[in-house]
Amino acid sequence: MNQQQLKNLLEDMSLEEKIGQLLQLSNSFYEDEAVLTGPAMQLGIGEKQINEAGSVLSVFGAEQIKSIQETAMKKQPHHIPLLFMADIINGYKTIFPIPLAQGCSFQPELVKKCASVSATEAAVSGLHVTFSPMVDLVRDARWGRVMESTGEDTYLNGLMSEAMVEGYQGDRSGEKLDQFGHISACIKHFAAYGAPEAGREYNNVELSERTLREDYLPAYKKGIDAGSAMVMTSFNTLDHIPATGNKWLMQDILRGEMGFEGVLISDWAAIEELVSHGIAEDRKEAARLAMEAGVDMDMVTGCYINHLQELVENGQLKEQQIDEAVMRILELKNQLGLFENPYKDADDNKAAELCLCEEHRRLARKAAADTMVLLKNENDILPIQETAGKIAVIGPYGEEGRLYGAWSLQGTDADTVTIKEGIEEAGYDNDQIVFYAGSSLLDEDEKLYGFKGLVKQYRERSNEDLLQEAVHAAKGADTVVMALGEHAYHSGEGGSRADITIPECQMHLLREIAKVNQNIITIVFAGRPLDLREIADCSKAVLYAWFPGSEGGSAIADLLFGMQSPSAKLSMTMPYSVGQVPVYYGGYTSGRPFNGNRTNRFQAVYQDIPNEPLYPFGYGLTYTSFSYSKPELDQQVMSMEDELHVSVTVTNTGKRTGTETVQLYLRDLKGSTVRPTRRLKGFERITLEPGEEKQVTFKITEDMLRFYDIHMDYVSEPGEFALFIGGDSATQNEIRFELQSQK
Ligand code: GLC
C-alpha cells in the first residue's frame, strides 16, 4: 500500500477498531480452547476485541501462523493482517551463543551473520518481528539478564546493537523488511534496565542523567540509527518514574532527541504494572499515562483495549494520539509487505530445509568457538596434544544437551551437539577418552524454576556413587577435562542470584578430583560472570564457554584439540568476588586512589579483597603470545579540527598462529566533570603467524573526546589525554597527547 491508501484505511476505521490494533495478545488466545473463560476473562475482553487485535506474540510454526492469520483476517473488519512477534534472542532453531558471549567475539560482522540466519529461520517459520537486540548495558553479574546483553561497554554494545539490527532487517534503511528472510528488529529495553539496584530483577534504577546519557543511551541510539523498526519499553523506573509511563524518556529522548519514528511496544504487562509501581490509580490511569508517554502497543494487558475509548470520549486523550499510534503500526505492517502478502515468508518446506541446515550449523560452530574465552592456560596444557595419553572428561556437562541459554525458546537438547558427541566426531575414541558425570548439575536440595516450571533433575544414582567412579577415572587419567557450570535457568529473566558460584555439588567434585590429578582443564558453562577463584586455583586451564548453542560440543572439541584457537575477549568483567559487584573497567579514581600500600587505611580500597577483578574486560588468551611496542603518535598536539594517529607494532612471540584483538582506550585526565580512568574507543582483530609482526594504527578525532560537561553540553575540552593500547582493559601501554582549542 502507499501512504495515501494507509491514510484512507485509517480514516475508514472506527475508534474501537483502531484501538484494537494497539492490542497485542499472547499465543494462549490462539492455541487454547477455552479462550473466553480463560485468557480473555483475565483480560476482561470478549470475542469482538480478540478479533480486532493487531498482533500476537510467541506463536511458532509456519502452518500454525498461516492458519491463525487466515482466520483472524476474515474476522478483522478491514481484514488487516496480524503481526507475529517472538523472542529470537540468539537464534531460532539453530542456536547461537548467548549475546553476552557474542559480545566477546569483538566481531560485529560475525554477530550480524548470526542475526541474519536467525531472521531467515524465524521468517520461514512465520514470524515478522523479533524482540531483539537487547541493548541494556550491564555491570552487575548478579542480574540474570546479563546473558542477554552484549556486555559492559558502551562502544562495543553500540557496534553489536547495529550489527544485529542490520542482520535481522537486511540493511540500515528499513526498506528491505518485505524481502525474503528479513524480520523487524526491536531495540530493548528502553532504558537502562541493566542497572537494577542490588542486581535484583525489575528493581529500581538509580542513575544520574549524565551516566544515563554517557554510558547507557548511546547503544540504543546506534540500533535506532541502524533502522530498528521497533523499540520496547523497560520494566524499571528511571528517576522514580517507570519507563513505560515516562514521558521525558519516551517523548523527549526517544522520539525527540533520538528521532525514533517506529513502533514503541510495552514490555510484558508493563502498562498495567504502572499500578503496582504506584503511579497509576487503576488500569484506566495506566492506559492514559502510557499513551501520553507515546507507547503504541499494549503487550498482553487489557488497559488500552478496555479504557482508551472512554479516555478519548471524556477528553483526557485526543483521538489524534490514537491515530498516530495506529498509523505507525499500519506502516510497519506495510513495510513488511503484509497487506500484499500476509503470510510473508511462512513456508514449512523452506523451514524444514533451512532450519539447522549444514551452513547454519557451520556458522554456529564458528560463533561458538570465537566466543569462548580462554582465561588460563598454564604450561600450555591446551591445546591437548596427541601425546596427552588418557583423558577423563568429568562433570555433569560432559554429556549434557542443554548447552543453550535461557532465551533459546526453540532450541532442543536433541539438536545440540554435546561435548561427548563433539569429541567423538573429532575422531577420539573411547580407549583414549572416558566420560563420567561425577555429580548432578544442581544441588539435591535446589528447586530451580525455569520459564515453564520446575527444572527436573533426573538422578539415577547418588552423587556419592557418581563421585567415586569419577575419582577412580581421574586417578587413571593423564589429563582431566572438567565440564562444569550453572544451569541455563540460573540466568535469563528472573535469574538474579546473590551467590555467583556454580552449584556446591560440582565444586565438591572438582576439589575431590584435584586431590588425585593436577592436570585439570576446566570448561565453565554460565550465563553470567562467576566467582571463579577456586575453579581457577584447581585448574591449569579455564575455558569459559558461556552457553554456546547448537554446536557447543563441536566448538569445544575444536578448541580442546587445537583445530581452532580461542580468540575471544571478555565483554564483561569477571569479578574477584560478588562483593566487588557492580564492577566494570575504567571506573573513577575517587579523591584517594589506592596507592598499593594498605598501611594507610584511608584510601579507596577494600580491607578484605583487591580492587582489581579476577579477569578484566577485554581479557582473553589464545594458544600463542603477543608483544606490543610502545605507542607512537604522528603528532603530540591536536586541534579541534584535525586528527591524530597512534600506532603500535604487535608481534606474535609464540609458536602457533594466533588472533589478537588490539584494543584502544582513552582517558581525559581532567574535565569540568570527573572522567572515567579509561573508555574503549576502538579495536582491531589481527591474525599473525609465529614471529610475524604488524603495525596497527588508530585515528583519533575530536568527537571521540566528547562528554557531558558541567553544563550537560556534549563537548570536548582542551587539555591532556592518555591513550592505552593493549590486549585488555588493564593495559598500561600508554602515551599522552594534548588537545588545544586552536593551533
Ligand atoms: C519479557 C521480557 C522481554 C520479552 C517479552 C516478551 O518479560 O522482558 O524482553 O521480549 O517479555 O516475551
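Conditions tested, residue by residue: (1) modelled with pLDDT under 95; (2) among the charged types (D, E, K, R); (3) over 30 Å from VAL455 (Cα atoms); (4) surrounded by 24 or more Cβ atoms within 10 Å (Cβ to Cβ).
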site	(1), (2), (3), (4)
VAL312	no, no, yes, no
GLY315	no, no, yes, no
LYS318	no, yes, yes, no
MET327	no, no, yes, no
GLU331	no, yes, yes, no
LYS350	no, yes, yes, no
ILE391	no, no, yes, no
THR418	no, no, no, no
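Residue count for segment 132-160, restricted to those that are within 15 Å of the ligand (Cβ to nearest atom) and not aromatic (Phe, Trp, Tyr): 13.
Considering LEU723, LEU739, the condition of being surrounded by 15 or more Cβ atoms within 10 Å (Cβ to Cβ), in contact with a Gly (Cβ under 8 Å, 6 or more places away or on another chain) and more than 17 Å from PRO218 (Cβ to Cβ) is satisfied by LEU739 alone. Exactly one residue out of MET85, MET73 is touching a His at 6+ places or on another chain (Cβ under 6 Å), of a type in the set (A, V, I, L, M, F, W, C) and modelled with pLDDT of 95 or more, and it is MET73. Looking at VAL637, VAL648, VAL674, just one residue is crowded, with 20+ Cβ neighbours inside 10 Å and closer than 24 Å to PHE721 by Cβ, and that residue is VAL648. Within segment 233-281, the set of residues being in contact with a Pro (Cβ under 8 Å, 6 or more places away or on another chain) and part of a helix (DSSP H, G or I) comprises GLU273, LEU274, HIS277. Taking THR659, is it in contact (Cβ under 8 Å) with a residue 40 or more places away in the chain, more than 25 Å from TYR588 (Cα to Cα) and in contact with a Pro (Cβ under 8 Å, 6 or more places away or on another chain)? Spelling it out, it is not the case that THR659 is in contact (Cβ under 8 Å) with a residue 40 or more places away in the chain, more than 25 Å from TYR588 (Cα to Cα) and in contact with a Pro (Cβ under 8 Å, 6 or more places away or on another chain). Assessment of segment 74-84 against the conditions (away from the ligand (no atom under 16 Å from the Cβ), assigned to a helix (DSSP H, G or I), without any contact (Cβ under 8 Å) to a residue 60 or more places away in the chain and over 21 Å from ASP298 (Cα atoms)) yields at least one matching residue.
One residue alone among LYS284, LYS333, LYS344 is part of a loop (DSSP other than H, G, I, E, B) and either closer than 25 Å to SER26 by Cα or within 16 Å of the ligand (Cβ to nearest atom) (or both), and that residue is LYS344. Among residues of segment 290-318 that are more than 27 Å from GLY38 (Cα to Cα), those with a beta-carbon under 7 Å from a residue that is within 16 Å of the ligand (Cβ to nearest atom) and of a type in the set (Val, Ile, Thr) at least six positions away or on a different chain give the pairs ALA293/THR244. Working only within segment 565-588, note down all residues that are among the polar types (S, T, N, Q) and touching a Cys at 6+ places or on another chain (Cβ under 8 Å). SER571 - this is the single residue of segment 565-588 that is among the polar types (S, T, N, Q) and touching a Cys at 6+ places or on another chain (Cβ under 8 Å). Selection of strands (runs of 3 or more DSSP E) fully inside segment 465-561 by the criterion of at least 2 residues being within 16 Å of THR371 (Cα to Cα) and within 19 Å of the chain's Cα centre (by Cα) returns 520-525. Within segment 40-58, take every residue that is outside any helix (DSSP H, G or I) and under 17 Å from LEU338 (Cα atoms) and give me the one that is nearest to the ligand (Cβ to nearest atom). This residue is LEU57. When SER118 is tested against (1) of a type outside the set (A, V, I, L, M); (2) surrounded by fewer than 24 Cβ atoms within 10 Å (Cβ to Cβ); (3) within 16 Å of the ligand (Cβ to nearest atom), only condition (2) is not met.
Per-residue answers, yes or no, for (1) over 22 Å from ARG497 (Cβ atoms); (2) of a type in the set (A, V, I, L, M); (3) assigned to a loop (DSSP other than H, G, I, E, B):
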| position | (1), (2), (3) |
| --- | --- |
| ALA568 | yes, yes, yes |
| SER571 | no, no, yes |
| TYR584 | no, no, yes |
| ASN611 | yes, no, yes |
| GLY618 | yes, no, yes |
| TYR623 | yes, no, yes |
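Among the candidates ARG200, ARG172, the residue that is surrounded by fewer than 23 Cβ atoms within 10 Å (Cβ to Cβ), among the basic types (Lys, Arg) and touching a helix residue (DSSP H, G or I) at 6+ places or on another chain (Cβ under 7 Å) is uniquely ARG172.
When ALA141, ALA123, ALA101 are screened for being closer than 15 Å to GLY181 by Cα, buried (at least 21 other Cβ atoms within 10 Å of the Cβ) and touching a residue at least 24 places away in the same chain (Cβ under 8 Å), only ALA123 passes. Taken over segment 298-310, the criterion of being in contact with a Ser or Thr (Cβ under 8 Å, 6 or more places away or on another chain) and either among the hydrophobic types (A, V, I, L, M, F, W, C) or at pLDDT below 95 (or both) is satisfied by MET299, VAL300.
Taking residues in segment 371-391 that are of a type in the set (Val, Ile, Thr), and partners anywhere that are at pLDDT below 95 and part of a helix (DSSP H, G or I), the pairs with Cβ atoms closer than 9 Å and at least 6 places apart or on different chains are ILE381/ALA388.
The values are calculated or read from the model by the stated rules, or taken from the named source; none is laboratory data. None of the values given here were measured: they were computed from a predicted structure. Neighbour counts run over all protein chains shown; Cβ positions are idealised from the backbone, glycine included.
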